[in-house]
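The values are calculated or read from the model by the stated rules, or taken from the named source; none is laboratory data. Everything numeric in this text was worked out from a predicted model, so none of it was measured. Note that we place each Cβ from the backbone using ideal geometry, even for glycine, and neighbour counts take in every protein chain shown.
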Amino acid sequence: MAKLTKKQKEAHGKVDKTQAYSLKDASALVKEITSVNFDASIDLAVRLGVDPRKANQMVRGVVTLPHGTGKDVKVLALVTPDKEAEAKEAGADYVGLDEYLQKIKEGWTDVDVIITMPSVMGKLGPLGRVLGPRGLMPNPKTGTVTMDVAKAVAEVKAGKIDFKVDKTGIIHAAIAKASFDVDKITENAVELIHTIMKLKPTASKGTYVKSIYLSSTMSPGVNVEPKSV
């Protein structure tokens with residue numbers, strides 16, 4: 001295990017590992033213990049009592065964070081020529097079709113979200129091996145395959161994110177930046193947690209939300225009391 005720096009030791013010393021903090025207190029503590037020299041991302045990790053290997057216990061959804069993520073999300077709109085103007089007006093960083101399909105085929109994936117139209121999905125199928133592992137494959141369930149391209153682009157730019165439980169039963173999501181004030185971090189976290197709670201599968205038995213941790217880049221995780229949300 002790598003040795004902790006002096007600042008990391010100080011950060012770990014401020015977190016009581018035996019305590020579950022209220023969400024607001026956890027947000028304040030994460031801001032306090034963030035010591036990197038850039039605007040760190042603040043991440044939420046929610047461990048669920050589900051078995052993601054079973055289709056009827058998969059948890060996946062979308063949420064629009066009230067204060068955005070603080071990240072400049074790069075959006076690629078793969079659209080036909082008649083939709084290019086509206087995609088550009090809505091704020092898409094890259095707009096086009098065949099030239100970007102070729103770039104992706106060659107390994108280019110320098111974007112955060114891809115939005116496309118139903119008629120284009122057939123062309124994206126062969127690129128699944130490139131896009132799938134990076135979480136970039138558009139999906140109607142997350143609103144990234146739609147005829148209303150402008151609305152989809154605007155929502156993503158405003159803070160709409162999609163999330164999915166991983167194979168260990170945890171949902172990870174970047175919800176803010178360390179420069180956000182405590183209330184904005186808390187409100188973004190509440191929005192995501194409440195959305196996850198609404199998606200509880202009927203096949204899931206016992207405790208649904210097992211644990212919640214808040215952390216920032218390079219910081220220790222802070223245990224959040226689920227009942228405080």
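Things worth noting here:
- Residues in segment 195-208 that are under 18 Å from the mean Cα position of the chain (by Cα), of a type outside the set (Lys, Arg) and over 19 Å from THR69 (Cα atoms): MET197, LEU199.
- Listed by first and then second residue, the pairs linking a residue in segment 84-98 that is on the phi < 0 side of the Ramachandran plot to a residue that is hydroxyl-bearing (Ser, Thr, Tyr) and part of a loop (DSSP other than H, G, I, E, B), with Cβ atoms under 8 Å apart and 6 or more places separating them unless they lie on different chains, are LEU97/THR80.
- Residues in segment 146-205 that are in contact with a strand residue (DSSP E or B) (Cβ under 6 Å, 6 or more places away or on another chain) and in a loop (DSSP other than H, G, I, E, B): GLY159, VAL165, GLY169, ALA178, LEU199.
- Flag for ILE33 being more than 21 Å from THR195 (Cα to Cα), touching a Lys or Arg at 6+ places or on another chain (Cβ under 7 Å) and either aliphatic (A, V, I, L, M) or not assigned by TED's automatic domain parsing to the domain that holds LYS177 (or both): yes
- Selection status of ASN37, over 29 Å from LYS184 (Cα atoms), surrounded by fewer than 18 Cβ atoms within 10 Å (Cβ to Cβ) and polar (S, T, N, Q): no
- Failed condition for ALA154, given (1) aliphatic (A, V, I, L, M); (2) outside the structural domain of LYS83 (by TED's automatic domain parsing); (3) closer than 30 Å to ALA77 by Cβ: (2)
- Test: residue in segment 207-214 that is touching a residue at least 24 places away in the same chain (Cβ under 8 Å), over 18 Å from ALA20 (Cβ atoms) and surrounded by fewer than 18 Cβ atoms within 10 Å (Cβ to Cβ): no
- Counting residues in segment 167-190 that are over 22 Å from VAL59 (Cα atoms) and acidic (Asp, Glu) gives one or more.
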